[in-house]
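This report concerns only the one structure given below.
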Amino acid sequence: MRHPPGRGARHRRHPGGRARRTPRADDAIDCAGRVVLPGFVEPHLHLDKAHLDAVRPNPDGTLAGAISVTAALKAGFTAEDVRARASRVLEDAVLNGTTLVRAHPDVDPVVGLLGVEVLAELRERYAAAVDLQVVAFPQEGVLRTPGTEALLRAALGKGADVVGGCTYQEESVADCRAQIRLVLDLAEEYGVPADLHADFGDDTEDPRYALAGYVAEETARRGLGGRVTLGHMTSPAALPRAERLRLAEALAAAGVAVVSLPATDLHLGGRGDEERPVRRGSRGSGSCGRRAW
């Protein structure tokens with residue numbers, strides 16, 4: 001195996017302080033017949049909330065149940081607690097071949113910047129093993145939770161890599177759209193990507209869970225293609241096929257990426273589907289194309 005050309009010698013610092021030389025382009029490594037693959041990428045983790053089930057299980061297995069548990073517990077979060085739980089997940093990820101993680105710590109008046117600060121610390125501690133991107137994530141909404149916009153700005157000022165959004169966590173569709181505009185404003189102002197939780201419902205009966213198209217419009221209008229990501233995106237699975245394809249093509253044209261989370265969303269969603277066919281879920285990660293769902 002030879003390394004790609006154009007990489008000169010560099011030194012990286014291990015967490016323990018020991019320097020390591022980055023291999024040169026002309027270095028050869030005997031892999032003894034083993035397959036060499038790129039590292040895995042985990043684009044959506046909530047490291048600040050990891051392993052909370054051992055503290056207080058989700059009472060009904062739903063998204064609402066998960067949010068209620070974390071809302072109650074995070075008032076008691078400490079740096080030591082978040083650091084220990086997040087480190088456990090990061091180490092498991094590295095041991096299983098993951099080399100990039102994007103994490104979404106909560107930012108709100110209850111927990112403040114605790115999650116962002118701890119993960120920024122872990123970003124440096126584990127830098128030799130994994131690239132950790134920190135998203136300032138307003139789980140409780142922005143307009144309906146006064147003080148959150150200032151905290152998002154503070155998080156970005158303290159080194160958060162990405163500005164997050166939670167597009168459905170406002171009192172009205174108008175406020176949800178205002179949050180989307182605000183998040184994209186911050187992305188432009190601070191020169192960072194945006195990663196928003198969006199359309200995280202079983203269907204689109206509540207229009208707050210049908211805003212991906214609006215994100216595509218705003219992304220295209222601002223020329224932010226390639227810098228905006230939507231996570232979860234379960235509601236479109238309930239749309240008629242023609243509508244799903246139109247939405248997928250709008251997202252693709254705008255350069256909006258979609259991260260689907262089947263391990264989470266097939267567990268949390270569809271629990272009221274007694275009269276519906278069994279869902280097959282949504283698929284597709286990266287820039288949406290015609291076959292995204």
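Since every read-out is calculated from the coordinates, none of them should be taken as a lab result. Computed from a prediction, not measured in an experiment: that's the story for all the values here. Every residue, glycine among them, receives a Cβ derived from its backbone with ideal geometry; neighbour counts consider all protein chains shown.
Compare the peptides 150-158, 236-244, 198-206 by average per-residue count of other Cβ atoms within 10 angstrom and give them in order, highest first. Provide the component values of the computation, followed by the final result.
Values: 150-158: 17.9, 236-244: 15.6, 198-206: 20.1.
The packing order, highest mean first, is 198-206, 150-158, 236-244.
What full-extension length gain, to one decimal in nm, is calculated for F40 and E249 as 0.36 nm per residue of separation minus the Cα-Cα distance?
Values: separation 209, 0.36 × 209 = 75.24 nm, distance 2.68 nm.
Here the answer is 72.6 nm.
For region 34-139, build the convex hull from the C-alpha positions and give me its volume per residue in Å³. Provide the component values of the computation, followed by the final result.
On the way: hull volume 11.4 nm³, N = 106.
Output value, Cα hull per residue: 108 Å³.
In whole Hz and in residue order, list the ³J(HN,Hα) couplings for region 241-253 that follow from phi through the Karplus curve 6.51 cos²θ - 1.76 cosθ + 1.60, θ = phi - 60°; x for Gly and Pro.
Result, rounded to whole Hz: 3, 4, 5, 4, 5, 4, 5, 4, 5, 5, 5, 4, 5.
A150 versus E205, label points 7 Å from Cα toward the beta carbon: distance in nm?
That separation, rounded to one decimal, is 4.0 nm.
I want to verify the translational diffusion coefficient of region 89-242 in µm²/s; compute it with Stokes-Einstein, Rh as the Kirkwood radius over Cα pairs, at 37 °C and 0.692 mPa s. Intermediate results must be reported in sequence, preceding the final value.
Numbers: Rh = 16.1 Å.
The Stokes-Einstein estimate is 205 µm²/s.
Please work out the C-alpha center-to-center distance from region 156-182 to region 56-107 and express it in whole Å.
Region 156-182 and region 56-107 have Cα centres spaced 20 Å from each other.
May I ask you to order 253-262, 183-192 by the average number of other C-beta atoms within 10 Å around their residues, highest value first? Before the final figure, lay out the partial values.
Values: 253-262: 20.4, 183-192: 17.6.
In descending order of packing, they fall as 253-262, 183-192.
Can you work out the FRET efficiency for the pair I29 and R125, with r the C-beta to C-beta distance and R0 = 25 Å, to the nearest 0.05?
Numbers: r = 27 Å, r/R0 = 1.07.
Once rounded, the FRET efficiency stands at 0.40.
Can you give the charge dipole size of region 41-287 about its Cα centre, rounded to the nearest 20 debye, using +1 on the beta carbon of Lys and Arg and -1 on the beta carbon of Asp and Glu?
Details: 26 positive and 37 negative charges, 87 e Å.
That gives region 41-287 a dipole magnitude of about 420 debye.
Determine, for each peptide in 30-36, 219-225, the mean count of other beta carbons within 10 angstrom over its residues, then list the peptides with the highest first. Show your work: numbers first, answer last.
On the way: 30-36: 6.6, 219-225: 16.3.
Output ranking for 30-36, 219-225: 219-225, 30-36.
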